[in-house]
Structure formats: C-alpha cells, structure tokens
Amino acid sequence: MALQPFTIKKLLNLNTLLVFGLVAVILRVAGGGDVAIFATSALAIIPLAGLIGSATEEIAARTGPQIGGLLNATLGNAAELIITIFALKEGLLELVRASIVGSILGNLLLVMGLAILLGGLKNGIQIFDRRRATMSATLLILAFMALAIPSLFDATFVKEQAFESELLLSEGVALILILLYGASVAYSFTAQANDPSDDAAQDAIHGTHHHEPKWSLKMAIGALAFATLGIVVMSEFLVGSVEPVVEELGWSELFVGVIIVPIIGNVAEHLVAVQMALKNRMELGMTIALGSSLQIALFVAPVLVFISLLFEDKLVLAFTLPEVIALAAASYVAALVAEDGESNWFEGLMLLGVYLIIAMAFFLLPEVHESAAEVLLR
C-alpha cells in the first residue's frame, strides 16, 4: 500500500495532541514544573474531549433518536463535568462557578461568534430556524435568571449565617433546572414525533444531528472508555496544578475558570460548529452553540450542586457580580442574534468583540471573593 503524503492538515489534526498526555504523565512522575504540567494536560484534554464527542455520536447513531439524544445530552459536556468534579474534590469552588459561567459565555459568544463570522464571510447571509433558536434563547434567559437569584440573595444568607438555607435554595434551583432540562428534551422529541419530516426538530435542545456510523459499536464503546479515563487522569493533573499556576503566572482563579478551562473542554465542539457554518449548515452551528450552553446551565451546573454534597465543601450557586453581569450580557446578545432567524458576518464579529472585552476584564480583574449581593449591599 502506498504511503499517504504528509500534509499540514494532518499535522493540525487534534488527535496529534494526544502525545501531550504522555508528556504530562512523564512530567508528573519526574516532578516537572506546575506550569508545564498544567499546559500539557490541558492540551491532552482537547483531543480526548473530541474523541468523547465522536464516540458518543457513533453510539447514538445506532440507538435511535430518543436514546441517542439523551446520550448526547448527558455526555455532550463530559470533559467540563469531569474537570469540575475534580475541582470540587479539591475545594476549588470559585474555579467551579467560574467554569460554569465561562462555558456558557464561550458557547454563546466565542463559538457562535466564530461560526457566524466565518460562515457569513464564505456564504453571505445564513438562515436558521427562528422558532427553535428563539426557544433555546428564551430558555437561556430563564437559566440566567435562575442562576442569578441565589447570587443576589447570597448576602442575606451570609449576614444571618444561614448557610444551610443558602444551600437549600441552590439545591431547589438545581432541581428545577434539571426538571426543565428534562422537559425540554421531552418537548424536542414530541416536536419530532408531531412532524417526522423535520429531521432537525430534536436538535433544538440537546445538540444532536443525523450521522451515519463509521465505527463498529465495540470500537465506539472502547474509544469512549479510553477518552473518559484519559480525561479523568488529565483533569486530576490539571486541577492539581491550578493553584501553583495561578500564583506563578499571576492569573486569578476567576480568569482560569471563566476563560481557560472552558476553552480546553470545548475546542473540539467549537471546531464542529464552525465547520457546519462554513458548509452553510448554520442550523446545526446554532444548535451546537445554543444546545451546549443549555446543557451547561440546565444540566451540568445543577448536577454539580448535588455532586458537591459528596465532598466537604458544598457548592452554592452564588456568583460574583462580574460573573452575573457577563452572563446577563451574553444571554441578552445571543437572544437578539437568534430572534430574526438569520445571521451575517458582522453579527459574528460583534459577538467576538463582546467576548474579547469580557476576557480582558476578567484577566485584569483582581481576585474577587464577594458575591453579587454582597457587592450591591456594601
């Protein structure tokens, strides 16, 4: 068999980054620097997250739309979930809350912005389902309000030293969000059943699309197990080096959580959204960006509240004022972009501009430990 020529495209294949996993293990065993361990483990997580997405899609293609949709909804943000579970274990609650906010911001502003910008430059004005996009955007506004309410009431609970009540509020909000997420998935299935010709109906919430299987089921399950195990190991390395890296580089934990961690866990998904937009399939590009944001807000964040009950430090949904403001801005701007059912490159540029402004603000922001309510009542 003739050897295939080496190309730049092959060089840039995300799977080539898997070598950094081995480098991270060697550095960890040899007692290498924390910054090097943080960087190499982060680079290794990128292809592993992409592999989880590919394996999940292959399995979902064989299970039918209902089970496949639930599988994609559950594992769509597996990398972020695993990283934040390790952060919970280490008691890095600020990092966890920041990564929740950062994942939503990244999907709404960075992913959607890049997809709309590049898709618009290549294809001109692009059309997507206005009804479906508006429903997702409305859910995002609702999720923002649900996440903001515990933050705005946090100071009252702190003042009265009623942490149990604050935790109970967070658990109640988390339960309601999970129920809403389940209802949204059920609604998307119902919409498809009522209109079987609409193949994209189930895509509105949980980010799935039709895919012809290319792997055997055994290979897909094996890849999923390998990628999950790899992310578990790399996440432990990553989280274990966060505090030394923050101290050595002078970054705030808030910046690492809002900007760095979400980009690491979402790169593969970001590329898929951009590819769909370039192929003039903006419906899928919008689905990926909005659907992934909804998964974080309505599923991952509430699940983390309940997972934290297994550890010493309990997670309450009390975000800082900068985080609440950034969430409000991203949700509002995304809703405006989605409401007319069409996009152009300039809208994508505006979304990226907002993301860069927020990123600069968090980079320059000193450590913030006060909740939004404490700042407002100061």
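Bear in mind that the values in this text are calculations on the coordinates, not laboratory data. Predicted model, so just to flag it, every value in this text is computed and none were measured. Every residue, glycine as well, gets a Cβ built from its backbone with ideal geometry; the counts of neighbours run over all protein chains shown.
For E342, the residues 5 or more places off, or on other chains, whose built amide H falls under 5 Å of its own are F128. Full extension of the chain between T16 and E247 gives 80.1 nm of extra length, using 0.36 nm per residue less the Cα-Cα distance. In order along segment 228-240, phi translates into HN-Hα couplings of 5, 4, x, 5, 4, 5, 5, 5, 5, 5, 4, 5, x Hz, rounded to whole numbers, per the Karplus curve 6.51 cos²θ - 1.76 cosθ + 1.60 with θ = phi - 60° and x for Gly and Pro.
Counting beta carbons within 10 Å around each of Y332, Y355 and listing the fewest first gives the order Y332, Y355.
Exposure proxy ranking for M135, M145, based on other Cβ atoms within 10 angstrom of each Cβ and starting from the fewest, stands as M145, M135. Measuring r between the beta carbons of S216 and L310 and using R0 = 35 Å, the FRET efficiency lands at 0.45.
Per-residue 3J(HN,Hα) values for segment 292-299, derived from phi via the Karplus relation 6.51 cos²θ - 1.76 cosθ + 1.60 with θ = phi - 60°, read 5, 4, 5, 4, 5, 6, 9, 10 Hz in sequence order (x marks Gly and Pro). One Cα centroid belongs to segment 163-186, the other to segment 124-143; the line between them spans 23 Å. What is the distance in Å between the Cα centres of segment 292-312 and segment 209-282? Between the Cα centres of segment 292-312 and segment 209-282 lies a distance of 17 Å. Each peptide in 40-47, 164-171 gets a packing score, the mean of other Cβ atoms within 10 Å over its residues, and the list from highest to lowest is 40-47, 164-171.
Sorting T190, T56 from the fewest to the most surrounding beta carbons within 10 angstrom yields T190, T56. Return the loop-located GluC sites (Glu not before Pro) in segment 260-349 (DSSP other than H, G, I, E, B) with at most 16 other Cβ atoms within 10 Å of their own Cβ; answer none if there are none. When the GluC sites (Glu not before Pro) of segment 260-349 are filtered for loop state and at most 16 Cβ neighbours within 10 Å, E312, E339 remain. Converting phi to 3J(HN,Hα) with the Karplus coefficients 6.51, -1.76 and 1.60 and the offset θ = phi - 60°, segment 32-43 yields x, x, 5, 5, 5, 5, 4, 5, 5, 5, 5, 5 Hz in sequence order, with x at every glycine or proline.
Full extension of the chain between A186 and Y332 yields a length gain of 50.0 nm, computed as 0.36 nm times the residue separation minus the alpha carbon distance. Our Cα-only numbers for segment 91-190 put the radius of gyration and Dmax at 17.8, 57 Å.
Compute the length gained on full extension between F363 and L175: take 0.36 nm times their separation in residues and subtract their Cα-Cα distance, giving the result in nm to one decimal. Intermediate results must be reported in sequence, preceding the final value.
Details: separation 188, 0.36 × 188 = 67.68 nm, distance 3.27 nm.
So the extension gain works out to 64.4 nm.
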